[in-house]
1. Consider B:Thr187 carefully, then state whether it is among the polar types (S, T, N, Q), under 14 Å from B:Val76 (Cβ atoms) and within 16 Å of ligand 1 (Cβ to nearest atom).
2. Could you check segment B:13-22 and list, in sequence order, the residues that are within 16 Å of B:Ser37 (Cα to Cα) and within 16 Å of ligand 2 (Cβ to nearest atom)?
3. Only one of B:Thr74, B:Thr16 is at negative phi, among the β-branched types (Val, Ile, Thr) and within 12 Å of ligand 1 (Cβ to nearest atom); which?
4. Which ones in segment A:35-81 are outside any helix (DSSP H, G or I) and either of a type outside the set (Gly, Ala, Ser) or surrounded by 12 or more Cβ atoms within 10 Å (Cβ to Cβ) (or both)?
5. Evaluate the following for A:Ile256: is it over 27 Å from A:Gly94 (Cβ atoms), hydrophobic (A, V, I, L, M, F, W, C) and surrounded by 15 or more Cβ atoms within 10 Å (Cβ to Cβ)?
6. Condition check: more than 16 Å from ligand 1 (Cβ to nearest atom) and away from chain A (no Cβ under 11 Å). Does B:Ala93 satisfy that?
7. In this structure, does B:Gly38 turn out to be within 16 Å of ligand 2 (Cβ to nearest atom) and either out of contact with any Ser or Thr (no Cβ under 7 Å at 6 or more places or on another chain) or modelled with pLDDT of 90 or more (or both)?
8. Looking at B:Ser4, B:Ser58, B:Ser37, B:Ser27, can you tell me which residue is within 12 Å of ligand 1 (Cβ to nearest atom) and either among the small types (Gly, Ala, Ser) or touching a His at 6+ places or on another chain (Cβ under 6 Å) (or both)?
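The values are calculated or read from the model by the stated rules, or taken from the named source; none is laboratory data. Keep in mind that what you see is a predicted model, and the values were worked out from it rather than measured. When we count neighbours, we look across all protein chains shown, and the Cβ atoms used for this are built from the backbone with ideal geometry, even at glycine.
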Amino acid sequence: MPDVRPQDRRPVPFRGGGFRPHPLPWAGPAVFLVLLAVWEGAARAGLVSPLVLPAPSAAAAALWSLVESGRLWLHLSASLQRLVIGWTLGTAAGIGLGLCIGLFSLARAGLGPVVAALFPIPKIALLPLFIIWFGIGEGSKVATLFFGALFPTIIATAGGVDSVDRTLIRMGQSFGLPWRDVVLKIVLPGALPAILSGARISASIAIILLVAAEMIGAEYGVGAYILLAGNMMATDQLIAGVALLSVMGLTVAFLIGRAERWLLRWRG
Amino acid sequence: MNLSIEGVSHVYGRTTALDDITLTVESGRVLCLIGPSGCGKSTLLRLIGGLERPSAGSVLQEGAPPPGCLNPLTYVFQDFALLPWRTVAGNVALALEHHRLGRAERAEIIADVLARTKLADFRDAFPRQLSGGMKQRVAIARALAVRPAVMLMDEPLSALDGQTRELLMDDLVSLWERERFTAVYVTHNLAEAVRLGHTIVVLSRRPGRVHATLTIDRPLADRQPGDADLEQHVAHLWDLMRAEAEAADREVLDA
Ligand SMILES: Nc1ncnc2c1ncn2[C@@H]1O[C@H](COP(=O)(O)OP(=O)(O)OP(=O)(O)O)[C@@H](O)[C@H]1O
Ligand SMILES: [Mg+2]
């Protein structure tokens, strides 16, 4: 090997790295706080009129007076009740029908086109019809959420059943598992990841429908509160209501994330 | 319990996968099935195990399965077919849960087969945490748990690397020495066939017919990789298969 002068020996240039996001837990809250501070500053300095965009502190005060008056719980419980009942029933029925479509040729051939036709209808358009059918009260709102959650869940579940590894099903049959056990122990757990991501989608659809339905006709509910605030040009209350919706959405996403982590813990 | 395969043919649409196969699977022996790619080996195994109905002919069980047998015809799959959401013990339990067994009896069977396949320390691991060889051992443990009369193994070692394959082959030989199980063993690997097979059946290219049958008398335990007579058998089998395999290869390219 020929002699190399020391100054000709240099480290190999590093070209890897990047393209791999790593967690920065402080960044999210920091951006959020900066946004709030800029907004508050702009409002205090009189750059925007409080009527157009009230300061965050004004919205917080509106929220606090809502808490103090005890009406927060009234609105929130009305909304949550509709959301929980409508979404739960819709999701349960959707899983059942999706399983049928995934498992039985007749259900697939018969219901598939109906589901495809009804899925794209924004369910809020059916609210007047639901009011005629189920009355102006809770029935029509729950029905809107039910159908809103039903179709995405059917589609997600049926897709999940289709994606279950057929060799696992053959394996179950080769060990003589009865049909019911094949469905409960192989098909359903195999479809669970798809069902859960369907639940994420159907929950966000349900929140949208909830607010829309409450804006069309409800005494209590976060949607009704926001609409009333808008009608009275009380933009501080309006922002407070919207913040409530954000918290509601985040909570639902958090709960579903938790359920996913627990139910799919085998994925590691 | 013997299995008798009588005049079995099978067609998929317009392709004939198997044509008039007649074979006997004798109790306590390993029958290796080799043949060029696409000749219908997996199909034949599915017909034997009752996962598919033959277009013609029949597969018959002769005599009763041994007492205590829960699932007479039991598969070991090439890709293991483990449920990813169940632990090692849970995967074995799957094969037992629908049988009328006491809780204690079931636990005992699971502990026993995991010990026999050297998996006792991994009973609570999930499949994703195991290497390929370990996964196949779990699948073998699951098959043993139902005390099969005949094990149907479709290329059980093909998904594994060479060294793991050697180790698992040794395990299978010592398992056979202890249990004297009956098996139909499909493989591409001629060395595997001469190590594990008492009888080797060579199928022709599609449509699969019985091209040749070879019996190796030397006991499994005495066979070592590289034995002269085994090498000779491999060479002989390759002679039998070469033309078929080449033709099958070209067929695939033409298609
Ligand atoms: N479900 C099916 N539908 C239609 N054709 C099939 C089906 N299964 C197998 N075949 C065809 O039948 C023939 C035999 O297939 P099979 O899988 O039994 O062959 P094999 O010998 O196991 O092949 P390999 O060595 O590649 O595993 C092939 O031509 C295959 O394309
Ligand atoms: Mg095959």
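1. yes
2. Listed by number, the residues that qualify are B:Thr15, B:Ala17, B:Leu18.
3. That would be B:Thr16, the only listed residue that is at negative phi, among the β-branched types (Val, Ile, Thr) and within 12 Å of ligand 1 (Cβ to nearest atom).
4. Correct list: A:Leu47, A:Val48, A:Pro50, A:Leu51, A:Val52, A:Leu53, A:Pro54, A:Ala55.
5. No.
6. Considered against the rule, which asks whether it is more than 16 Å from ligand 1 (Cβ to nearest atom) and away from chain A (no Cβ under 11 Å), B:Ala93 comes out as no.
7. For B:Gly38, the condition - within 16 Å of ligand 2 (Cβ to nearest atom) and either out of contact with any Ser or Thr (no Cβ under 7 Å at 6 or more places or on another chain) or modelled with pLDDT of 90 or more (or both) - is met.
8. Among B:Ser4, B:Ser58, B:Ser37, B:Ser27, only B:Ser37 is within 12 Å of ligand 1 (Cβ to nearest atom) and either among the small types (Gly, Ala, Ser) or touching a His at 6+ places or on another chain (Cβ under 6 Å) (or both).
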